[in-house]
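Trainee: Below are the structure tokens for one structure; questions will follow.
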Amino acid sequence: MNESPETPAVPPAPEASHSVGERVIKATASIMVAHTLARVMGVVQWSFIGHYHYGAESDAFVFVFEGILWSLFLIGEESLGPAFLPVFMSAREKDGEEAAWRFTSILLNLQTMVLLAVVALLMLYPEQAVHLFSRFKAEGETPGGGLTRAELATGFLKLMAPSLFGLSIGSLTYMVLNGYKRFFWPAFADAALKLAMVAGIVIGHQTGMNSDALIVGVLAAGVTKIAVHLYALGSHLRKYRFSLDLGDPNLKRFFLLVAPLLAGIVFAKARDYFNNIYVISSLETGLLSIYSFGRKIYNTVGFLVPYPLSLALFPFLCEMVDRDDQAQMGAFLTRASRIMLLIFLPVSAVIVVLSVPMAQAVFQTGGKMGAADVVLAGQVNAIYSAVLPFYALETIMMQAYFSSRRVFSVAAIGIFFSALSMLVSYVGVVQYKLEGSDALMLVALGFTVSRVLKSIALIVVLKATGLPLMPFKPMLSFLVRAAILTAACGGASLGALHLVEKMQPESKTAKLAEASGKSDEEGKSLEEAKTEQAESKSEVKTEEPAADEKSPAKTAAPKPAAKSEAPGKESKGETTKAPAAGSSIFRTLLRAGPQVAFPGLVAALVFVLGCKLLRLEEFDEMLAYAQEKLRRRDKKKSPVNPT
């Protein structure tokens, strides 16, 4: 492809750019290895939660862990990092290591004090927090006398709150390690966190802990994350000092950066909480979990490349800003954006086509989660996955804003489009009272559209500042060819999926009916399926929850004497358990695996062939880099022949 001579698509200093590019790709690969493990373990974690705890328990867990604890963690993670790292690196370069660590110590001490207050409030007033931040009904959800979602959430919140210490302090230590260009260990801590969560759930189930297993898993996760970071910091920890010097000049610079950034991030987290938790918590039992499960595949794929790349880019972009190298920065961002679009436009199309089989492979384990619920989770994932190319662009552009200290602009853009997403959810679910799958689809669509518009706005504003980003003619030519490639990959995967379904001995409808314990009736809605499951409970000893009922593990349990007691203790007399996951998972993979693997392979072949036919040079660059790395590795391994 011929580039515009006025604005080159490569930096004016090719050797320097190549050096920086290799360092960024190496850092990205390091982060990707750890984050891939973390994301895979995250999917496994939610698969086990769906298998053993789907229903009221999983709804309460999603509300407490994702809605409250994880939201509070992300506020610190997404505001501390972009504001802390530029100040930390600048202090190290200009004032020395001691000054940088004095600033870090002060900030860490202040963060600990804030966390003490927040955790104390959550533990002392969990019932009030659940009432304030959810729309759970206080009664009427469990006619059999079991624990309501509000009661379960109260017990979860009281005992899970201390995990915030490890999670939130880890967000600061993560950035300290990145400041030393150490990327693997902080990212690996996220994988260790997920592994600890899975271990807690599995061990808890095997030992009969019931819902208490979720509590143990969350507490273990918080401890594990910070432990890995402290190990990675090693001797640097000796530089820590107990100090609360609010007059530190670096601390003042940090507060100037973090204040507007914090406003935008708090609003963005409020959007996520309002859309993903608060609005949906008023719907029937199970839908909150379905919506959360439906986002897991999207989150996994979205974090595998764009998020690690953004973390690796940030320190190098900060250096470009300090050198005032606008040309190199613009060209570097353009190249990174085009590579991300080349990957994620086709990937997004293929995932949209294969969303339901992917959800079945992960969540249809023969446990408490029914087949109709899994299909709905797949449909939610399809809508979310459509935004993947724009999410990839957003993660890259955000680092450009943060590295150049344009925090006011990015905060204003974020607040505006977050408000738009919340407005869609409020009007549809609260005002027009949409229910069931219609409500979930609307909330997901509102998020996707607002995220697309936000990404476009970020690029437009950056170009308006004079950054030589994405020259029009070359970018238009690239986008046209990438769109053709995307259509070809999506069409190929759809055709391959239909072929696999025809070759398999049973129809999709029959398979769904068999997996959910129903006959070969067609066209049943989520509500009808759940009603039938509820009516058959007296005849068949299954544990799939009805949409308007408590999880069966809790329905026979008496009401707790005190609402703040740990959930699970009141129901240990319950004898029924979710079926073992092993054989059911194997059968599901035999059915759904080919529906994912074969269309994915066909789409990959079309992708490679299309890149060659359409002359997409970004693909050749990726191949050339991979080949060069393999050549260098082989050269290092080859013995040196003495002469």
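Please treat every number below as a calculation from the coordinates, not as lab data. Computed from a predicted structure; not experimentally measured. All Cβ positions, even for glycine, are placed from backbone atoms using ideal geometry, and neighbour counts span all protein chains on display.
Trainee: Whole-Hz Karplus ³J(HN,Hα) for the stretch 399-406, in order, using 6.51 cos²θ - 1.76 cosθ + 1.60 and θ = phi - 60°, x for Gly and Pro?
Mentor: Those phi angles translate into 5, 5, 5, 5, 5, 9, 6, 8 Hz.
Trainee: Taking a ≥ b ≥ c as the square roots of the eigenvalues of the Cα gyration tensor of the stretch 143-201, is the shape rounded (a/c under 1.5), prolate (a/b larger than b/c) or oblate?
Mentor: Judged from the Cα gyration tensor, the stretch 143-201 comes out prolate (a/c at least 1.5, a/b above b/c).
Trainee: Ordered by residue, what ³J(HN,Hα) values in Hz, to whole numbers, does the stretch 248-263 give under the Karplus form 6.51 cos²θ - 1.76 cosθ + 1.60, where θ = phi - 60° and Gly and Pro are x?
Mentor: Couplings: 4, x, 5, 5, 5, 4, 4, 5, 5, 7, 7, 4, x, 5, 4, 4 Hz.
Trainee: Under the classification rounded if a/c is under 1.5, otherwise prolate if a/b is larger than b/c and oblate if not, where does the stretch 390-433 fall, given a ≥ b ≥ c as square roots of the Cα gyration tensor eigenvalues?
Mentor: Oblate.
Trainee: Assigning unit charges at the beta carbon (Lys, Arg +1; Asp, Glu -1) and nothing else, what dipole magnitude in debye, to the nearest 20, does the stretch 358-454 show about its Cα centre?
Mentor: Using only the charged Cβ atoms, the result is roughly 360 debye.
Trainee: Sorting check: for 33-46, 115-128, which peptide has the highest mean count of neighbouring beta carbons within 10 Å, and how do the rest follow?
Mentor: Output ranking for 33-46, 115-128: 33-46, 115-128.
Trainee: Here's another thing I want to ask about it. Tell me whether the stretch 94-247 comes out rounded, prolate or oblate; compute the Cα gyration tensor, take square roots of the eigenvalues as a ≥ b ≥ c, and use a/c under 1.5 as the rounded threshold.
Mentor: Verdict is oblate for the stretch 94-247.
Trainee: By how many nm would the segment from residue 252 to residue 238 grow when fully extended, if each residue of separation counts as 0.36 nm and the alpha-carbon distance is taken off?
Mentor: 2.6 nm
Trainee: Using the Karplus curve 6.51 cos²θ - 1.76 cosθ + 1.60 with θ = phi - 60°, work out ³J(HN,Hα) for each residue of the stretch 489-501 in order, rounded to whole Hz, and write x for Gly and Pro.
Mentor: The phi angles translate into 5, x, x, 5, 5, 5, x, 5, 4, 4, 5, 5, 4 Hz.
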